[in-house]
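The values are calculated or read from the model by the stated rules, or taken from the named source; none is laboratory data. Note that the structure is a prediction, hence the values are computed from the model and not measured. A quick note on method: Cβ atoms are made from the backbone with ideal geometry, for glycine too, and the neighbour counts reach across all protein chains shown. In case anyone asks, the SASA skips ligands and DNA or RNA and just uses the protein heavy atoms, side chains included. Shrake-Rupley method; radii C 1.70, N 1.55, O 1.52, S 1.80 Å.
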Amino acid sequence: MSQIRVLLLVGSIVCSLMPQLLEAYGLSSLAPNDPYPLFTAQYPQTFLLNRARRCYMFRECCLQPEWWDVHISAFKQNANTARDFFKRKVPLGDIYGRWNMIGLLYDPYVAEISPTLNSFLNPNGALDQVCVEYLRDPANGDTRKRLGYFSVPIEYAKHGLRIDSSWLIACDFGIHGSLSFADIRQVNPRYNDLSPQATPICIETLHRQSDGEPVNPCERENCAVFGTTCDCLKYLEHNLMDKADIVFHELGYDTNNFHRTDLEFLNLGCFWRRAFIFNEGDCFYPQFLCIPYITIEGALPVSRQKENFKLFAAPFGNNGHAAFAGMLGTTFAFHDTVEVGAEVSATHFFPRLQCGVHLPTSVYQQTIYPFAADLDVEPGDNWEFSIFMYAPRFMGKLSMYAQYVYTSHSEDRYTIVEDLRLRIPGVRDKTVNISSETTMTISNAPNLPPFQLRRFAEDSKWEAQLANIGFSYELSPGISAAFLWQAPLKGRNVYRSTTIMFTLTGTY
């Protein structure tokens, strides 16, 4: 048995020196709305060693070692803003950019599925026809992303219950399990049309006539918006922007408020940890405990996948993907003072089919896309690094900890399984000659604009920097209560979600 312990210690030291070898481990999430989910408000790096810590740090009478604990937590999470690709603070709906309605016109077949867009592209008046030809040319796009763009505020909220438990088996080995249920809402979207702000000429302070009545400067004959007349701007607003909800339905989107309750996580894993005493009895150097630990965990695909046709849907858990995760870390607990530590982890997500994913057919389209495909999705890996400080009993039976977490999700990889455009007769008939001997495939439709998978994949990368601050109070030797606040610091393509959590812990 002693040889096994030596091998484990040597292995942990080697892994500490070579973290780049860990290519398939971690504990973070796939969802940008909750990138680092917490299952307890207690200091998480205890590993059933609290009594041993107290025995050493506070010279308490050594009780029997801990064998089992359970954490029952209620949490609530809210967000109204996000960080976009450029790390700017934006309304939640603009996380992947403002919604480009004019970008839909860049696909030559979009009129086949949207009567509203077909009507917009075929106006009666000659001046309106000139306006349409100008707008549907990508070279005339508004680089400031105002003309033909929406900014979309959304309200996001999640609350639920999480249960976390650990059992010590023997020889510093233990097993771990966690379960999470959640209720998610994304509601009250608002389409804020930015077109009137497209040019200073048309939004300057309203001129006033001699009688003091305001006059809209867009009524002046010499007013222009990026080469278009003000009549063109009015045509765009009345026939496209004001009918956005109708267009979204014609493209196959469900624009209703999103609200669903579901199972979020079911994780099972194991851990190893060991406390080593340094400088015991030495009068010149500080005494401390070094506690290295390793965890390996699997996340089962218990959550349902996000329904991609629901425009305001949010993912639960890992969005239906199984995951394999692990973590390597160490803590240093100093006598009668604080504990500090650091850890690294990574997560590998397994591929899965996703149906009806809307994809861009132009690099200029943004957030809202005209056509969909079934995709084989292989998510990128997550990498996480954190540092933390724990102050046990800094005021009576009250303890606190603070943690900084950096989590990064690498780019997803997509493979088209079926191009759903080939199911649309109006599109299909104009791109392939149909006969009983013909099998409709992507290669048989050379005239269809290719899906911009490269453009779509760029939006799948995200990173988040978070701060966790928790307080716990010992109600008895085996029962404690805790409160935690998780706050966003910086990020890219993630929600600026704030989480609060209350936990009741029992230890045996």
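Summary table
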| item | result |
| --- | --- |
| Test set (1) out of contact with any Phe, Trp or Tyr (no Cβ under 8 Å at 6 or more places or on another chain); (2) at pLDDT 55 or above - Leu92 fails condition number | (1) |
| Among (1) in contact with a strand residue (DSSP E or B) (Cβ under 8 Å, 6 or more places away or on another chain); (2) under 30 Å from Ile102 (Cβ atoms), the one test that Ser362 misses | (1) |
| The listed residue being of a type in the set (S, T, N, Q) and over 23 Å from the mean Cα position of the chain (by Cα), out of Thr367, Thr347, Thr337, Thr407 | Thr337 |
| Output for the range 189-202, where each listed residue is modelled with pLDDT of 90 or more, in contact with a Pro (Cβ under 9 Å, 6 or more places away or on another chain) and open to solvent by less than 70 Å² (accessible area, probe 1.4 Å) | Pro189, Asn192 |
| The range 266-292, residues that are without any contact (Cβ under 8 Å) to a residue 24 or more places away in the chain and of a type in the set (Gly, Ala, Ser) | Gly281 |
| Residue that is nearest to Ala31 (Cα to Cα), among those in the range 450-466 that are among the acidic types (Asp, Glu) and in contact with a Gly (Cβ under 9 Å, 6 or more places away or on another chain) | Glu463 |
| Verdict on Ser303 being closer than 26 Å to Ala170 by Cα, touching a Leu at 6+ places or on another chain (Cβ under 7 Å), among the hydroxyl-bearing types (Ser, Thr, Tyr) and in contact (Cβ under 8 Å) with a residue 12 or more places away in the chain | no |
| Lys89 vs. criteria exposed (fewer than 14 other Cβ atoms within 10 Å of the Cβ) and within 29 Å of the chain's Cα centre (by Cα) | yes |
| Residue satisfying all of: in the range 333-364; outside any strand (DSSP E or B) and touching a helix residue (DSSP H, G or I) at 6+ places or on another chain (Cβ under 9 Å); most open to solvent (accessible area, probe 1.4 Å) among these | Tyr364 |
| Complete set of residues in the range 276-307 that are under 19 Å from the mean Cα position of the chain (by Cα) and surrounded by fewer than 18 Cβ atoms within 10 Å (Cβ to Cβ) | Leu300, Pro301, Arg304, Glu307 |
| Residues (open to solvent by 40 Å² or more (accessible area, probe 1.4 Å) and among the β-branched types (Val, Ile, Thr)) located in the range 247-269 | Thr261 |
| Flag if Arg273 is in contact with a strand residue (DSSP E or B) (Cβ under 8 Å, 6 or more places away or on another chain), open to solvent by 60 Å² or more (accessible area, probe 1.4 Å) and of a type in the set (D, E, K, R) | no |
| Entirely in the range 245-328, the strands (runs of 3 or more DSSP E) that have 1 or more residues that are of a type outside the set (A, V, I, L, M, F, W, C) | 258-273, 288-299 |
